Amino acid sequence: MAKILTEDDIEVALVKFLVGSHWGYAEINAFTADRETLPDHTGRTDKKQCVLPEVLRTSLKHLNPSVPESKLVEVADELAEYRGADGINLTTNRELYELLRNGKAVEFTAGDGETKNETVRMINFDDPTDNDFKAVRQMWISGGDDKWRRPDVIVFINGLPLVFIELKNADVKIEQAFSKN
């Protein structure tokens, strides 16, 4: 019996809903037939990268106009750092959460020679519409040691992956869907 609704249909409908929402999502279809192929429309230079580097740098500049670009690049590099398959643990997750929620303190010398301390914000929580929203479909991610994943949709806010969505058709048993992922 042919399926009336495919997983791809569900994925397309989800992304269409997000793009049509008042948040102003943009869609990126990152699918490549060969998992190692770049470019994939994400701006990444390596499939181990889990951020959208150009979007991240542009967003940091937009949200933090008084911070020198060199400091923003340091913060972006820290956020984009590859931590490896074993590098994500409870402590790392907590540290990344704190960076997202509270920002990163930076010190720099202003044009007048005065030392300044500011907090680099990653997300504008006060005005969510001031953020950059992307729904990225079928983005290959390398975990090293020939471990690859390709989630159906990843929601990025300001170039940072915050929501991972793996869709399954209603006729797939939950246990089977879970074990395949």
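Among the candidates Lys147, Lys104, the residue that is open to solvent by 30 Å² or more (accessible area, probe 1.4 Å) and over 20 Å from Ser66 (Cα atoms) is uniquely Lys147.
Per the conditions (1) surrounded by fewer than 11 Cβ atoms within 10 Å (Cβ to Cβ); (2) modelled with pLDDT of 95 or more, the sole criterion not satisfied by Val55 is (1).
In this structure, Leu14 does not qualify as within 27 Å of Lys168 (Cα to Cα), in contact with a Phe, Trp or Tyr (Cβ under 9 Å, 6 or more places away or on another chain) and surrounded by 13 or more Cβ atoms within 10 Å (Cβ to Cβ). Taking the residues in the stretch 107-132 that are of a type in the set (S, T, N, Q) and under 16 Å from the mean Cα position of the chain (by Cα) as candidates, determine which candidate is surrounded by the most Cβ atoms within 10 Å (Cβ to Cβ). The selected residue is Asn131.
Rundown of residues vs (1) of a type in the set (D, E, K, R); (2) touching a Cys at 6+ places or on another chain (Cβ under 7 Å); (3) without any contact (Cβ under 8 Å) to a residue 24 or more places away in the chain, yes/no style:
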site: Arg83; (1), (2), (3): yes, no, yes
site: Glu98; (1), (2), (3): yes, no, yes
site: Ala105; (1), (2), (3): no, no, yes
site: Gly113; (1), (2), (3): no, no, yes
site: Ile123; (1), (2), (3): no, no, no
site: Lys134; (1), (2), (3): yes, no, no
site: Met139; (1), (2), (3): no, no, no
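Among the residues of the stretch 150-164, the ones that are open to solvent by less than 40 Å² (accessible area, probe 1.4 Å) and part of a loop (DSSP other than H, G, I, E, B) come to 4 in all.
When the stretch 17-28 is filtered for residues that are touching a residue at least 24 places away in the same chain (Cβ under 8 Å) and open to solvent by less than 70 Å² (accessible area, probe 1.4 Å), the ones remaining, listed by number, are Leu18, Val19, Gly24, Tyr25, Ala26, Ile28. For the stretch 29-69, enumerate the residues that are under 21 Å from Met122 (Cα atoms) and among the aliphatic types (A, V, I, L, M). Passing the criteria: Val51, Leu52, Val55, Leu56, Leu60, Leu63, Val67. Taking the stretch 69-103, which residues are modelled with pLDDT of 95 or more and part of a loop (DSSP other than H, G, I, E, B)? Within the stretch 69-103, just Gly103 meets the criteria.
You will find that of Arg35, Arg83, the residue that is open to solvent by 70 Å² or more (accessible area, probe 1.4 Å) and among the charged types (D, E, K, R) is Arg35 and no other.
The values are calculated or read from the model by the stated rules, or taken from the named source; none is laboratory data. Since this is a predicted model, take the numbers as computed values, not measurements. As a convention, Cβ positions derive from the backbone with ideal geometry for all residues, glycine included, and neighbour counts pool all protein chains shown. SASA here: full protein model, heavy atoms, side chains in, ligands and nucleic acids out. Shrake-Rupley method; radii C 1.70, N 1.55, O 1.52, S 1.80 Å.
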